[in-house]
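A.B. asks: Dumping the structure here so I can ask a few things about it.
The values are calculated or read from the model by the stated rules, or taken from the named source; none is laboratory data. Keep in mind that what you see is a predicted model, and the values were worked out from it rather than measured. Cβ: placed from backbone, ideal geometry, glycine included. Neighbour counts: every protein chain shown. SASA here: full protein model, heavy atoms, side chains in, ligands and nucleic acids out. Shrake-Rupley method; radii C 1.70, N 1.55, O 1.52, S 1.80 Å.
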Amino acid sequence: MSLRKTLISATAALALGAAPALAAEEVKIGVPSWTGAQAIAHLLAAVVEMRIGGKAEMVPGNNATIFQAMDQGKGDIDVHPDVWLPNQESFTKKYVDEAGTVTLSSNPYEGNQGFCVSKNFAEAQNITDIADLGRPDVAALMDSDGNGKGEMWIGAPGWASANVNEVKVRDYGLLDFIEPVRAEESVKTARVKDSIAKDEGYAFYCYKPHAIWFQFDVEMLSEPTFDPAKYVMVQPSDDADWYEKSSVATKDALKNVQIAWSNSLPERSPAIAEFFANFSLTADDVSGFAYEISGNGRDPAEVAREWVEANPERVDAWLGL
């Protein structure tokens, strides 16, 4: 039965006083640590609960645990809300291409990632390129703990992109000057705010879409143009010697970002699975969500429900109405 027919049947059942068929529709949504993923997770939940009449449960987890749960197909986690490719390609190759246990959406939005500094710091020190972070004078201005190296946030623990960035710091020849730091994204945001307020130097992994572009005046540094021959990345999930076997000395290609769900979901919750297949967002959508959540400190569930109420035509399209 199509999602449109299912929704109509549920409405008719309610009118007759019967329990709607959609009451059994349930989904458990994986929630990674970054703000964009959290925003999309709550948006998926809002549509499931407000428009499909189903039940959605949030389950925090990193990329590995979410993909493993989707692969097992037991309903512990049914969907990953924000799969960045090729960052997470090791997971999609394993579970989408090889095992065939996970489905990847065909409606991606575009992502871009690199390294940023505040505009004031860039202008004051003439910083435009990633190589400028290897200048001793610049590194010294980024050294907050006095160990002789400037700190640069490369991502949160468990992020595939953080592994890429760790390799980049080495292969860009920055290790003698820069200390790569992994920490939760909230730590990075607080450090960016503090460094700008104190007019100090700080560099960090940045990406679009993200709330940072609404929150602070920052600039993305240039890197060598993407060259697949110079981008050989092996993730820890594929090989324990990933760091030694990887070589990345080029900017990342533009990303495709989409959702992924367990192939067991359509049998258990067909209306939700059909909605996921139609779901699509733009990078501007996600940046706006992220800004409301991390920039204005709003509750993600409230932001999502408000958006669903304000955009009925787009939600109707996702539901095939």
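A.B. asks: State the percentage of accessible surface on the chain attributable to carbon and sulfur atoms; use a 1.4 Å probe and exclude ligands, DNA and RNA.
C.D. replies: C and S fraction of accessible area: 50 percent.
A.B. asks: Separate question: Applying 1/(1 + (r/R0)^6) with R0 = 51 Å to the Cβ-Cβ distance of Ala197 and Thr65, what FRET efficiency is obtained, to the nearest 0.05?
C.D. replies: The pair Ala197/Thr65 has a calculated efficiency of 0.90.
A.B. asks: Quick one: helix 35-47 against the long Cα principal axis of the chain, what's the angle to the nearest 10°, folded into 0 to 90?
C.D. replies: Between helix and principal axis, roughly 10 degrees.
A.B. asks: DSSP beta bridges in the chain, what fraction antiparallel, as a percent rounded to 5?
C.D. replies: 60
A.B. asks: Out of Met233, Asn263, Ala183, whose Cα points farthest toward the positive end of the dipole of the range 177-274 (charges: +1 Lys, Arg; -1 Asp, Glu; placed on Cβ)?
C.D. replies: Of Met233, Asn263, Ala183, it is Asn263.
A.B. asks: Rounding to the nearest 10 and keeping the result within 0 to 90°, find how far the Cα-based axis of helix 160-171 lies from the longest principal axis of the chain.
C.D. replies: That works out to roughly 20 degrees.
A.B. asks: Which one is right for this structure if Cα extents along the principal axes in Å is calculated from it: (i) 75, 41, 29; (ii) 111, 58, 33; (iii) 67, 46, 33?
C.D. replies: Given (i) 75, 41, 29; (ii) 111, 58, 33; (iii) 67, 46, 33, the structure-derived one carries the label (i).
A.B. asks: Taking square-rooted eigenvalues a ≥ b ≥ c of the alpha carbon gyration tensor, is the range 59-187 rounded, prolate or oblate, where a/c under 1.5 means rounded and, failing that, a/b exceeding b/c means prolate?
C.D. replies: prolate
A.B. asks: Residues with amide H under 5 Å of Gly155's amide H, sequence separation 5 or more or different chain, H placed in the peptide plane at 1.01 Å from N; which?
C.D. replies: For Gly155, whose amide H was placed from the backbone, the distant partners under 5 Å are Ala183, Tyr205.
A.B. asks: Arg314: accessible area at probe 1.4 Å, nearest 10 Å²?
C.D. replies: Rounded to the nearest 10, the figure is 80 Å².
A.B. asks: Mind checking the angle between helix 3-15 and the chain's longest principal axis? C-alpha axes, 0 to 90 degrees, to the nearest 10.
C.D. replies: It works out to around 50 degrees.
A.B. asks: Related question: Kindly provide the helix-only [θ] at 222 nm of the chain, computed as the sum of -39,500 (n - 2.57) over DSSP H runs of four or more divided by all residues, to the nearest 500 deg cm²/dmol?
C.D. replies: Value at 222 nm, helices only, nearest 500: -10500 deg cm²/dmol.
A.B. asks: Additional query: Shape of the range 191-294 from its Cα gyration tensor (a ≥ b ≥ c, root eigenvalues): rounded if a/c is under 1.5, otherwise prolate when a/b > b/c, or oblate?
C.D. replies: Oblate, since a/c reaches 1.5 and b/c is not below a/b.
A.B. asks: Also: Find the relative contact order for the range 36-127 and round it to a whole percent, using C-alpha pairs within less than 8 Å whose residues are 6+ positions apart.
C.D. replies: Once normalised by length, the contact order is 21 percent.
A.B. asks: Extension gain Ala317-Asp145, at 0.36 nm per residue separation less the Cα-Cα distance, in nm?
C.D. replies: Full extension from Ala317 to Asp145 adds 56.7 nm.
A.B. asks: In square angstrom, what is the accessible area per residue of the chain with a 1.4 angstrom probe?
C.D. replies: Each residue of the chain exposes 44 Å² on average to a 1.4 Å probe.
A.B. asks: Continuing with this model, one more query. For the chain, what is the charge dipole size about the Cα centre, in debye to the nearest 20, if Lys and Arg each add +1 at the Cβ and Asp and Glu each add -1 at the Cβ?
C.D. replies: 700
A.B. asks: Whose amide H sits under 5 Å from the amide H of His210, counting only residues 5 or more places off or on another chain, with H placed in the peptide plane?
C.D. replies: Distant-sequence amide H within range of His210: Ser287.
A.B. asks: Also: Select from the range 137-239 those trypsin sites (Lys or Arg not before Pro) which occupy a DSSP coil region and have at most 12 other Cβ atoms within 10 Å, ordered by residue number.
C.D. replies: Lys198
A.B. asks: Same structure, new question: Whole angstrom only: what separates the Cα centroid of the range 196-253 from the Cα centroid of the range 110-185?
C.D. replies: 9
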